[in-house]
1. Could you state the accessible area per residue of the range 484-555 in Å², with a 1.4 Å probe and every protein chain left in place?
2. If you take the C-alpha gyration tensor of the range 180-339, multiply each eigenvalue by 5 and take the square root, what semi-axes do you get, largest first, in whole Å?
3. Using only the heavy atoms of the protein chains and a 1.4 Å probe, how would E503, E221, E178 rank by accessible area, largest first?
4. Can you check what the Kirkwood hydrodynamic radius comes to for the range 294-394, Cα pairs only, in Å to one decimal?
5. So what are the radius of gyration and Dmax for the Cα set of the range 119-172, in Å?
6. For the range 482-534, with the dipole built from +1 on Lys and Arg beta-carbon atoms and -1 on Asp and Glu ones, taken about the Cα centre, which of T527, A483, G516 lies farthest toward the positive end?
7. If you count only protein heavy atoms and use a 1.4 Å probe, how large is the accessible surface of L27, to the nearest 10 Å²?
8. Taking a 25 Å limit on the Cα-Cα distance, which of the listed pairs K525/K555; K155/K381; K139/K281 fall beyond it?
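The values are calculated or read from the model by the stated rules, or taken from the named source; none is laboratory data. On a predicted model such as this, the values are computed, not experimentally measured, just so you know. Positions of Cβ are generated from backbone atoms using ideal geometry, with glycine treated the same way; all protein chains shown enter the neighbour counts. Each accessible area value is taken on the protein alone, full model and side chains, heavy atoms only, with ligands, DNA and RNA left out. Shrake-Rupley method; radii C 1.70, N 1.55, O 1.52, S 1.80 Å.
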Amino acid sequence: MPAADNLLRIWAKKKDGSEYPLLFHMLDVAAVAHEMWHSCFHAGVRRQPFDTAVEQVYHWDYQKEPCYRVTNALGREKPLSYNLIEERWIPILRTDGRPGRVGIKEALTQADRIRCIYSASPLDIFAVHRFLLTLLYWKADLVGGVEKVRSALLKGELPSDVLNGIKKEAHRFDLFGEQSPFLQDSSASNTREKEKKSVGSLFAELATGTNIAHFHHGDDENMRLCLPCATLGLLRVVPWTQSGGSGLTPSVHNAPPIMAMATGDNLAITVGLNLVPLDTKAGKAQWSGHFKPTDPSGPIPYLEALTWNPRRILLPPAQEGTCCYCGDSNVPTVGKIVYMKNENTKKRPDERLFEWQDPAAFYAPYDGSKKYNKDKNAPYKTVKSSREELAAVGRDLPDPAKSRLPTVFAQNRDHQSWLLIVPCTNPANNKTFDHRQVGLTNLSPVTFRTPLPATRLPGRQGLDGWKEPERVERKGIEHFVQAAVKLLTHADWAALSNAAYCEMHDSPAAFDVLSGLYWGLGDKKITGLPSRNAAWLVLKLMAAVPARARVLHPKADFCPHLSLPKRQPSERDRASPYPVSFPRGRRLEAALRGTLVGNLRKRNPEPVDWTGLCHGLDQLIEWDLRKEKHYVCTDSYAPKHAPGQLEPR
C-alpha cells in the first residue's frame, strides 16, 4: 500500500468526539507554526537555526513575544490571560549561571536549582521574595505549619501539598482576571480616562507627574510597562509604597523602612531562612479587590499585613509596545492605569500607627523609659533612611546597638550572609532620592561600621565609587589570555562554565584548569601574571560566551568593566551626592556577565578586549583589597596573594 494511503488511515479525535485524519491536524499545526514564526518572532530569533531559536526562546523569555492573543481553531480571539503561576516573569540566575525568568510554579519547584532572584533594583528583589514568602505563609498549614515548610526548604525541598494548595488558587493570580485581577480593584473599572495615572506610578524611581527622578525622564502619556515589569510594580505596592499627595497613604509600616534579608546558596535556602514563625494571628490574605483591613484598631494579622494594598489599581488591556523599565520592544505592554488612594488604609482615628511589626524591618530601640512607655507608637516605629547627606556617604544605616533587630535575624543569628535593602525617602516631600542594597556577613555593630568610610576625604576620586583603571601593559597578562585561548579545550571551557558564580574551592575541576594554566606559564618564568582572583573571574567570563566570541581580535576595544557605573567628582572637587559602589563577588560577576550578554544581543556584537578586561580587573580587585581598611569585603574576589602568585594546593 502506498505510504500516502497509510498516512490517511491514522485518525485523530476532536473534542466533540468526531474523528478526522491525523495528517490534516499535523498540517494545521504546521501552518499555525509557520505563521507564528514569521509574524510573532523578531528577526534576531528567525536568523538562527530553528532548533537553536526554539531552545533560546524556551530558556529566555518566550512569553515576551507579542503572542498575547490566542486564536483557536475557529479563528476567534480569546481574551488575554497572564497568570503568574505559569507565566515566566520572575528574573533569576540559575546555579549554572544562566539568566532567565520563571513563574511561581517553577520558582518553587526548582528553587534548589536557582541561585538567586536577579534584578537591577533591590526593591524588586525584596518584593519578589516577600511575595513568595507570603504564598508559603498562606498555605503552610496544609503541612503542619511554617516550621515544617522552613525545615524542608533549608534542605532544598518544598512539600508538594503546599504547591498544590497554591495551584488550586491559580485564578487569584491572573493580571487580567475578569472578577478578581491580581492585586487590583475591578470595581474601579469605571474611572474616567482623564483621572488615570502614568503606569510609572508603580515605580518610585520613574519620573511621573510631579515626582522628579534625576536619572529618568519620561512622558506620562506614552510610558508603558511590559507584563513582567508591571507585575514587579504591583508587588512593590505592598512593602514599598510611600505617602504622597492628598490621601495617598503609605504601606502598613508607614514610610518604607530599611529591611534585612538572609541570603543562601540557592533560592530554596534563601526563602527558608526568611520564612520565620510570626507571633500574630494569620488572618486572611487579600489578593484582589478593594483592600480593607478587618480591624485597623487592633493587631494586624500577618497575612493581611503581607497583602496590605494602600492603592486602588487597575491595569488596562495590553497592547504591543516598548517597556520603559526593561527596554523590551514589540511585547505586550500596559499604559495609563487606574491609580487611586485607598480610603480604607488611612491612619487610625486616634492617629496611632498600625500595630504591625514587619519580620524584616529594624525598629526603634526599647529603652524602658517613661517616655517610651507613654508613646503608644514606639513599638511600631521603624528605622528609615531619610537624610540624603548621610545616604551619600553611607552613614544612614541603622546602629544594631541602638535598634531592635528584625525578627528574621533572631531566627538566624549564626547565619553569615545578609542583604540590607535601603530605600531613601525625603520626609519633607515624600520623594525617593535613592535606594540601594548593602551586603553584610552578619548584623553585628562591628559589621555595620566596617562597610563605611571612617572619614570623607573631599576631592578623592573613587572614595565611595571607583576610579577607572589606567591601562598598564603587562606582558604576563597578555601571555595568560593568549594561552587560555590557544590551549584550553572544549572540556576545559565546559568545566569553567559550570563554575559560574562559584569560588575556587567549590569547583575542583575548574580550579585544575586555572592552576594548570598558571603553573605552565610559571615554569616558563613569565612574570606579571594577573592575580589569582582576577584570572579566575576572567576565565569564567570567557567560558560564558560562545567560542566565536573568545577569539583575540587585534582591534577589539569592548571592555565590559568600563561599562560598570562609577561616581565622577563634580567641579571644585565636590563629589556627587549619589554614590555608586564598585560591585564585588557575585554582584561583580553578574554585572560583567550582563554586559557581555547585552553585547552579544546586538545585531553586530563588538569584539571583546579580553586582555584589557584582565588588565582592568587585576587593578580593580587589587584596589578593592587596598580599600579594605575602609570597607569590609564579604565576597570571594579579594585577592590574598600578589599578582602572578598562586596559592600552593
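1. Averaged over the residues of the range 484-555, the accessible area is 48 Å².
2. Details: eigenvalues 157, 82, 50 Å².
Whole-Å semi-axes of the equivalent ellipsoid: 28, 20, 16.
3. Details: E503 70, E221 120, E178 155 Å².
The most accessible residue leads, giving E178, E221, E503.
4. On the way: mean 1/r = 0.0565 Å⁻¹.
This gives a value of 17.7 Å.
5. So, for the range 119-172, Rg and Dmax equal 12.3, 36 Å respectively.
6. T527
7. Taking all protein chains as shown, L27 has close to 100 Å².
8. Details: K525/K555 28 Å; K155/K381 35 Å; K139/K281 14 Å.
Correct reply: K525/K555; K155/K381.
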